[in-house]
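These notes concern the structure reproduced below.
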Amino acid sequence: VAAQTLAVPGAAGAQDVQGTWVVRSASLRYEVSHPLHGAVAHSASAQGRVDCNAAECRFTLSAPVASFTSGNDDRDAAMRALVQAVRFPAAQVQGQARIVEPGQATVQGTVTLAGQTVALPPVRFHVERGWWRLRVEGSFPLSLSALKLPPPALLGIPIDDTVWIYVQLELSSG
């Protein structure tokens, strides 16, 4: 049984996050840019786990590709076709996080989408401890070309290569 430290709510420090945490709720979104307009898609279907020992954490987070919706059925169908959702039904992020100061963690790891795995650049995430929960928020860029995915085009003009991924997680001791 993992020991769990009781901490007061606020910005999380290393001693506040020790133990195993399980995703209880998630808000994921990706944003793409095009010279004519942008698009945003959301999912609340993430699953995952974070295991922390002192200031070091290891995590795995996955979401079904088909759970992302933009409000445009044609765009969503094109996205699922592009990432081969039938063959590769989930997007996954895994890696390490290190609490570098209260309320801040440096996150790095890998992203797997459409059967391709690419390195996640080191990014900062905000970490907040509640009485019985942990809230994590952050964002990172993802390159379509690094994933070997051709950028979709509108009127012959491709979207930007960089897709921004935004993550909000609420985790509870598990």
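The values are calculated or read from the model by the stated rules, or taken from the named source; none is laboratory data. Treat the numbers as computed from the prediction; the structure is a model and nothing was measured. Positions of Cβ are backbone-derived with ideal geometry, glycine not excepted, and every protein chain shown enters the neighbour counts. The area values use the complete protein model at the heavy-atom level, side chains included, leaving out ligands, DNA and RNA. Shrake-Rupley method; radii C 1.70, N 1.55, O 1.52, S 1.80 Å.
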Legend entry - Residue list for segment 97-124, restricted to those being part of a strand (DSSP E or B), small (Gly, Ala, Ser) and open to solvent by less than 20 Å² (accessible area, probe 1.4 Å): ALA97, ALA105, GLY109
Inset, instruction - Report the residue count in segment 54-83 for those that are surrounded by 14 or more Cβ atoms within 10 Å (Cβ to Cβ) and assigned to a helix (DSSP H, G or I). - result: 8
Legend entry - segment 125-136: number of residues that are open to solvent by 30 Å² or more (accessible area, probe 1.4 Å) and either at pLDDT 95 or above or not in a strand (DSSP E or B) (or both): 2
Legend entry - Filter result for GLN94 (open to solvent by 60 Å² or more (accessible area, probe 1.4 Å) and either within 14 Å of the chain's Cα centre (by Cα) or closer than 19 Å to SER173 by Cβ (or both)): yes
Inset, instruction - Find the residue count for segment 117-174, including only residues that are of a type in the set (Phe, Trp, Tyr) and either touching a helix residue (DSSP H, G or I) at 6+ places or on another chain (Cβ under 6 Å) or more than 24 Å from ASP74 (Cβ to Cβ) (or both). - result: 4
